[in-house]
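Student: My questions all concern the structure below.
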Amino acid sequence: MPLLRLSASFLLALVTVVSGFAANRDDRPNILLIVADDLGYNDVGFQGARDILTPNLDRLAASGVRCTDGYVSYSVCSPSRAGFLTGRYQQRFGHEFNPKWDATSTTHGLPLSQTTIADGLRAAGYTTGLVGKWHQGAHPQFHPNRRGFDEFFGFLGGGHRYLPDSHAEVEVAAGKKGNTADAEHNAPLLRNATVVPEEGELTTRLGQEATASVMRHAHDAKPWFLYFAFNAPHNPLEARPDMLKKFAGIADERRRTYAAMVATLDESIGRVLAALESTGQRERTLIFFFSDNGGPMTKRNANTSVNTPLRGQKGDVFEGGIRVPFLVSWPGKIPAGGTYSQPVISLDVLPTALAAARTKRDAKLPALDGVDLLPYLTGANKSAPHARLFWRMDGGEAFAVREGNWKWMRTYSNPPELYDLATDLAEKKNVVAAHPEVAARLAAASAEWNRGLAAPIFVNNPFGGLINRTGLEKSSAP
Ligand code: CA
């Protein structure tokens, strides 16, 4: 019966192949987007910090590419996050201020006309999750579960107290009448729509939740997308006592607390990296890390962050407001341990993620402003990802353009500024007079870009009341 034996073994082989194929995991990568909040440019080890230890972030940097000229699209929280969540300059759809904390407002939040990175990846078959800060509207219509996220653990506002028994008084303490930050920072933690008790220090808790998510989906057939959105090290300055002890050598109490908060953030990222490694997922996970804006160094909400060698801070279009620590890591796909110095922007995350997920954006949706960074980071494409990058603040009170090494700015009532970042990273020497043709070209480019933008659809005290500068009061009404 050789024929029968052959047939039986053939069938067995066929069954093995077919069942093996069916059991095969989707080979597209997981995507992990880690965002810090108000982190200074120079406050992590891989950027040069000496007093704050971030061994896990440094390890992440060594596993991928550090983008030296990595930008965000706005220099305060919510508009910046609206930008990378949609892959579009958020001024195109009027999201140019932090939303007010108001669960009855159907206006103050990421417009429902926009689709998110989570919408796109979920449509492509990914399991999608958010752990941490939302800040894209408090009304139920803006809830993460309605904006593409299958799973949500975190809080809806722009910040949250860190210690359950604290009473975070951020802007109320600074005497701003009518500011709702206190209520916002004390709003409940949620798992999807369900209130959960507060237990332990928040950044630690978020790390536990993100780790649990990575473990829970480790053996799924589907890949996953996780947006791990810290509120640390944003105010209020609160940290775990044991972590504070590690930084006893820092004399200034506020900087000591800030250092402990950054180290706790690093510890939580380390937990997630360890979970990826222990479950064999690290090689098939594309990771992004950056801060949503520069550190607020001296002004309201200052957290003792340090942006040196950059000029400026949160709320500015100087480099210190918009250039941030920025990492991309995908072992085996993106070279390890290098730096990439062409300008890139957080808006690139969404198209890069869609490309890695081998999915195309619905052609009916509005065009993206970001680009797929993978060919650039692998070296396949040697040209610059962006001819120019643009910024606008407060509905038109300030503008900036980056083109090559040129940085042009027009802010408030100040005369135009032009800096050569190749020789003047600290933006100290305005060279408009020496290069009037460059200044004119970039002014025209800014004006042209501005014509494609919308007026703000909601206005709230700019910068969360961070900065008091000429022209702001006008745009803060009503
Ligand atoms: Ca922020």
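Student: Can you list residues from other chains, or at least 5 along the same chain, whose modelled amide H is less than 5 Å from the amide H of residue 340?
Tutor: 66, 67, 68
Student: Can you tell me the dipole magnitude for the stretch 28-377 around its Cα centre, using point charges on the Cβ only (Lys, Arg +1; Asp, Glu -1), in Debye to the nearest 20?
Tutor: Taking the Cα centre of the stretch 28-377 as origin, the dipole is about 660 debye.
Student: Quick one: length gained pulling residue 278 to residue 447 fully straight, 0.36 nm per residue minus the C-alpha distance?
Tutor: Contour length minus the Cα-Cα distance gives 55.7 nm.
Student: What distance in nm lies between label points placed 7 Å from Cα along the C-beta direction at residue 68 and residue 222?
Tutor: 4.2 nm
Student: Extension gain residue 341-residue 104, at 0.36 nm per residue separation less the Cα-Cα distance, in nm?
Tutor: Computed gain between residue 341 and residue 104 is 80.9 nm.
Student: On the accessible surface of the chain, probed at 1.4 Å, how many percent belong to carbon and sulfur atoms?
Tutor: Heavy-atom surface of the chain belonging to carbon and sulfur, 1.4 Å probe: 57 percent.
Student: Averaging sequence separations of C-alpha pairs under 8 Å and six or more residues apart, then dividing by the length of the stretch 365-454, give the relative contact order as a whole percent.
Tutor: 16 percent
Student: Here's another thing I want to ask about it. Taking Cα pairs under 8 Å and at least six residues apart, what relative contact order does the stretch 406-461 come out at, in percent?
Tutor: 24 percent
Student: Roughly how many Å² is the accessible area per residue of the chain, as a whole number, for a 1.4 Å probe?
Tutor: Details: 18370 Å² over 478 residues.
Accessible area per residue, the chain: 38 Å².
Student: When the chain is fully extended, how far beyond the present Cα-Cα distance does residue 252 get from residue 194, taking 0.36 nm per residue of separation?
Tutor: Extending this stretch completely gives an extra 17.0 nm.
Student: Show which aspartates and glutamates lie in cross-link reach of residue 428 when reach means a straight Cα distance below 12 angstrom and same-chain residues fewer than eight apart are skipped.
Tutor: Counting by Cα, and skipping residues close in sequence, residue 428 has these aspartates and glutamates nearby: 319, 417, 420.
Student: Run the quick spin-label model on residue 150 and residue 367: label points 7 Å from Cα toward the beta carbon, then report their separation in nm to one decimal.
Tutor: So the two model labels end up 3.4 nm from each other.
Student: Moving to a separate point now. Taking 7 Å along the Cα-to-C-beta vector as the label spot, tell me the residue 454-residue 298 distance in nanometres, rounded to one decimal.
Tutor: Result: 3.7 nm between the two label points.
Student: Same structure again: Classify the stretch 28-377 as rounded, prolate or oblate from the Cα gyration tensor: take a ≥ b ≥ c as the square roots of its eigenvalues, call it rounded if a/c is under 1.5, otherwise prolate when a/b beats b/c and oblate if not. It would help to have the intermediate numbers written out before the result.
Tutor: On the way: a/c = 1.31, a/b = 1.13, b/c = 1.15.
In terms of gyration-tensor shape, rounded.
Student: Per 5 Å bin, what is the whole-percent P(r) computed from every C-alpha pair distance within the stretch 16-131?
Tutor: 2, 8, 14, 15, 16, 15, 11, 9, 5, 3, 2, 0
Student: Ok, one more. What is the distance in Å between the Cα centroid of the stretch 232-284 and that of the stretch 292-307?
Tutor: Cα centroid to Cα centroid, the span is 18 Å.
Student: Using the Karplus curve 6.51 cos²θ - 1.76 cosθ + 1.60 with θ = phi - 60°, what ³J(HN,Hα) values do you get for each residue of the stretch 101-110, in whole Hz, with x for Gly and Pro?
Tutor: Along the stretch 101-110, the couplings run 7, 8, 6, 9, 8, 8, 9, 7, x, 4 Hz.
Student: Sorted by mean Cβ packing within 10 Å, highest first, what order do the peptides 183-195, 106-118 take?
Tutor: 106-118, 183-195
Student: Give me the net charge for the shell around residue 343: Cβ to Cβ below 12 angstrom, other residues only, Lys and Arg +1, Asp and Glu -1.
Tutor: Spelling it out: positives minus negatives among the neighbours equals 0.
Student: Express the relative contact order of the stretch 28-377 as a whole percentage, based on alpha carbon pairs under 8 Å and six or more residues apart in sequence.
Tutor: It rounds to 32 percent for the stretch 28-377.
Student: Here is a further query. Hydropathy first: keep DSSP H helices in the chain averaging at least 0.5 on Kyte-Doolittle, then drop any whose Cα extent along the axis falls short of 18 Å, and list what survives. Please report the intermediate quantities before stating the final value.
Tutor: On the way: long enough: 2-23 (31 Å, 1.75); 202-216 (21 Å, -0.13); 253-278 (37 Å, -0.06); 436-451 (23 Å, -0.25).
Helix filter hits for the chain: 2-23.
Student: Write down the percent of antiparallel bridges among all DSSP beta bridges whose residues are both part of the chain, to the nearest 5.
Tutor: In the chain, approximately 50 percent of DSSP beta bridges are antiparallel ones.
Student: Under 17 Å between alpha carbons, and skipping anything fewer than 8 positions from residue 100 in its own chain: which lysines qualify?
Tutor: 133, 176, 177
Student: Out of residues 5 or more away from residue 291 or on other chains, whose amide H comes under 5 Å of its own, with H placed 1.01 Å from N in the peptide plane?
Tutor: 36
The values are calculated or read from the model by the stated rules, or taken from the named source; none is laboratory data. Quantities reported herein were computed from a predicted structural model and do not represent experimental measurements. A quick note on method: Cβ atoms are made from the backbone with ideal geometry, for glycine too, and the neighbour counts reach across all protein chains shown. Heavy atoms of the whole protein, side chains included, go into the accessibility calculation; ligands, DNA and RNA do not. Shrake-Rupley method; radii C 1.70, N 1.55, O 1.52, S 1.80 Å.
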